Amino acid sequence: MSNQNNQIHLEKHILYNPIYVKEFVLAGFSQTPSIEAGLFVLFLFFYVSTWVGNVLIVVTVASNDYLNTSPMYFLLGNLSFLDLCYSTVTTPKLLADFLDKEKLISYDQCIVQLFFLHLVGAAEMFLLTVMAYDRYVAICRPLHYTTVMSRGLCCVLVAASWMGGFVHSTVQTILTIRLPFCGPNQVDNFFCDVPPVIKLACADTFVIELLMVSNSGLISTGSFVVLVSSYATILLKIRSKEGRLKALSTCASHLMVVTLFFGPCIFIYARPFSVFSVDKMVSVLYNVITPMLNPLIYTLRNKEVKSAIWKLWDRTGLTWKKQET
């Protein structure tokens with residue numbers, strides 16, 4: 001009876017005087033030093049490759065007059081910039097944690113990471129949708145392409161993508177910081193994200209989870225439906241088999257990016273916030289792998305980008321040329 005009274009007293013004390021956690025512990029991938037050393041090297045390679053590939057595309061588009069004035073490549077340059085931001089939100093902290101046994105992150109840093117993760121992630125979803133519209137106009141209305149997709153409209157659409165990401169992230173962050181966190185404080189992932197963080201709240205989160213799933217799920221699933229619909233419309237409008245194959249080839253790189261990015265996001269955010277064992281690996285796919293692969297997907301399938309990169313390489317004097325004797 002005494003123990004029961006003590007338990008009731010403790011619950012009331014937590015209810016009216018919650019002990020808020022000041023820091024979280026990130027679970028990471030392993031606690032074995034040798035495994036973490038190998039993972040550090042692997043993820044450092046991923047991060048460096050992401051920076052090299054995306055910076056190369058941004059510089060190439062910005063320095064090439066033709067690519068810079070083309071709506072498609074202007075949007076591609078912005079996508080590469082978003083990929084740089086996206087990978088930088090989580091990967092540097094992950095690399096540092098491979099060398100740190102405790103893997104601590106303060107409450108404020110956790111919230112900041114969560115905010116920018118959703119800001120950049122949602123902005124990239126909106127931008128990919130804009131790029132699908134760009135391909136629709138280019139293939140279905142080629143004579144009006146330069147008129148419709150003017151530089152002014154492209155800038156407005158890019159700004160709208162960032163604004164949409166900001167609104168989405170603000171909603172997610174406000175819903176999160178309103179929750180009390182009294183312990184435990186171990187986040188079952190390698191970064192702070194909404195699903196694993198709100199699971200640690202010492203309050204009923206059903207309604208908030210429902211709001212968050214509706215918000216994130218609507219954006220990811222809705223954008224994906226719009227993308228698929230735009231490509232289906234493109235293929236339906238083209239009557240000849242040869243034309244459809246050419247259009248599919250033109251959009252193939254974008255389709256690959258969309259699949260790699262939206263698939264994991266829908267899996268994580270468009271379902272109730274229950275934790276699965278594969279969540280960490282899925283998170284690696286859209287946080288680390290996809291930003292690294294995007295430059296390869298676009299450049300390997302695009303002759304104009306590859307040609308512009310070689311011209312940039314020649315112009316900077318980095319190409320070895322045989323000296324005439």
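The values are calculated or read from the model by the stated rules, or taken from the named source; none is laboratory data. Treat the numbers as computed from the prediction; the structure is a model and nothing was measured. Reconstructed Cβ throughout: ideal geometry from the backbone, glycine too, with neighbour counts over all protein chains shown. Heads up: the accessible areas ignore ligands, DNA and RNA and are worked out on the full protein's heavy atoms, side chains in. Shrake-Rupley method; radii C 1.70, N 1.55, O 1.52, S 1.80 Å.
log₁₀ I(q)/I(0) of the stretch 33-83 at q = 0.13, 0.23, 0.25, 0.32 Å⁻¹, via Debye over equal Cα point scatterers, no solvent, to two decimals?
Summing over Cα pairs of the stretch 33-83 leads to -0.41, -0.76, -0.83, -1.08.
Please compute the Kirkwood hydrodynamic radius over the stretch 99-227, one decimal place, Å, based on all pairs of different Cα atoms.
The Cα-based Kirkwood calculation yields 16.7 Å.
Give me the Kirkwood hydrodynamic radius of the stretch 214-266, using the inverse of the mean 1/r over all pairs of distinct Cα atoms, in Å to one decimal.
By the Kirkwood definition, the hydrodynamic radius is 12.0 Å.
With a 1.4 Å probe and all protein chains left in place, how much accessible area per residue does the chain have, in Å²?
That works out to 53 Å² per residue.
Post the alpha-carbon centroid distance, the stretch 120-150 to the stretch 60-109, in whole angstrom.
Result: 22 Å between the Cα centres.
Size of the dipole of the chain about the Cα centre, Lys and Arg at +1 and Asp and Glu at -1 on the beta carbon, nothing else charged, in debye to 20?
Dipole magnitude for the chain comes out near 1280 debye.
Residue by residue, what Karplus-based ³J(HN,Hα) values in Hz, rounded to whole numbers, does the stretch 193-209 have, using 6.51, -1.76 and 1.60 with θ = phi - 60° and x for Gly and Pro?
9, 4, x, x, 6, 6, 5, 8, 5, 8, 7, 6, 10, 4, 5, 5, 4
Just tell me the longest site-free run in the chain, where the sites are trypsin sites (Lys or Arg not before Pro) in a DSSP loop having at most 10 other beta-carbon atoms within 10 Å.
It runs 1-100.
Would you calculate a helix-derived [θ] at 222 nm for the chain, using -39,500 (n - 2.57) for each DSSP H run of n ≥ 4 and dividing by the full residue count, to the nearest 500?
One gets -25000 deg cm²/dmol as the mean residue ellipticity at 222 nm.
Per residue of the stretch 210-221, what does 6.51 cos²θ - 1.76 cosθ + 1.60 with θ = phi - 60° give for ³J(HN,Hα)? Whole Hz please, x for Gly and Pro, Karplus curve as stated.
Using θ = phi - 60°, the values come out as 4, 5, 5, 5, 4, 5, 5, x, 5, 5, 5, 5 Hz.
Taking the Cα atoms only, what angle lies between the long axis of helix 2-16 and the longest principal axis of the chain, rounded to 10 degrees?
40 degrees
Which residue, chosen from ASN68, SER214, PRO264, occupies the Cα position most advanced towards the positive end of the dipole of the chain, where the dipole is computed from +1 (Lys, Arg) and -1 (Asp, Glu) charges on Cβ about the Cα centre?
ASN68
Can you tell which of VAL194, TRP162, VAL284 lies farthest toward the positive end of the dipole of the chain, using +1 and -1 charges on the Cβ of basic and acidic side chains (Lys, Arg; Asp, Glu)?
TRP162
Could you compute how much accessible surface TRP162 exposes when probed at 1.4 Å, giving the result in Å² to the nearest 10?
TRP162 has an accessible surface of roughly 80 Å² with all protein chains in place.
With the dipole of the chain worked out from charges on the C-beta (+1 for Lys and Arg, -1 for Asp and Glu) around the Cα centre, which of LEU56, LEU235, THR299 lies farthest toward the positive end?
Selected residue: LEU235.
Can you sort LEU260, LEU76 by 1.4 Å-probe accessible area, starting with the largest?
Putting LEU260, LEU76 in descending order of accessible area: LEU260, LEU76.
Would you mind giving the three semi-axes, in whole Å and largest first, of the ellipsoid equivalent to the chain according to its Cα gyration tensor?
43, 25, 16
In the chain, what percent of the accessible surface is made up of carbon and sulfur (1.4 Å probe, ligands and nucleic acids excluded)?
Ligands and nucleic acids excluded, carbon and sulfur reach 67 percent.
What list of ³J(HN,Hα) couplings, whole Hz, do you get for the stretch 85-92 from phi and the Karplus terms 6.51, -1.76, 1.60, once you set θ to phi - 60° and write x for glycine and proline?
Couplings: 5, 5, 5, 6, 5, 10, 5, x Hz.
PHE43 accessible area, nearest 10 Å², 1.4 Å probe?
My reading of the accessible area for PHE43 is about 10 Å².
Cα axis of helix 241-269 to longest principal axis of the chain: angle in degrees, 0 to 90, nearest 10?
The angle comes out at about 10 degrees.
Test of understanding: given the chain, find the longest segment containing no GluC sites (Glu not before Pro) that are in a DSSP loop and have at most 10 other Cβ atoms within 10 Å.
Free of exposed loop sites, the longest segment is 103-323.
As a test question: what accessible area, to the nearest 10 Å², does PHE46 have when a 1.4 Å probe is rolled over all protein chains in place?
For PHE46, solvent-accessible area is about 30 Å².
Using modelled backbone amide H atoms (1.01 Å from N, in-plane), which distant-in-sequence or interchain residues come within less than 5 Å of GLN186's amide H?
VAL25
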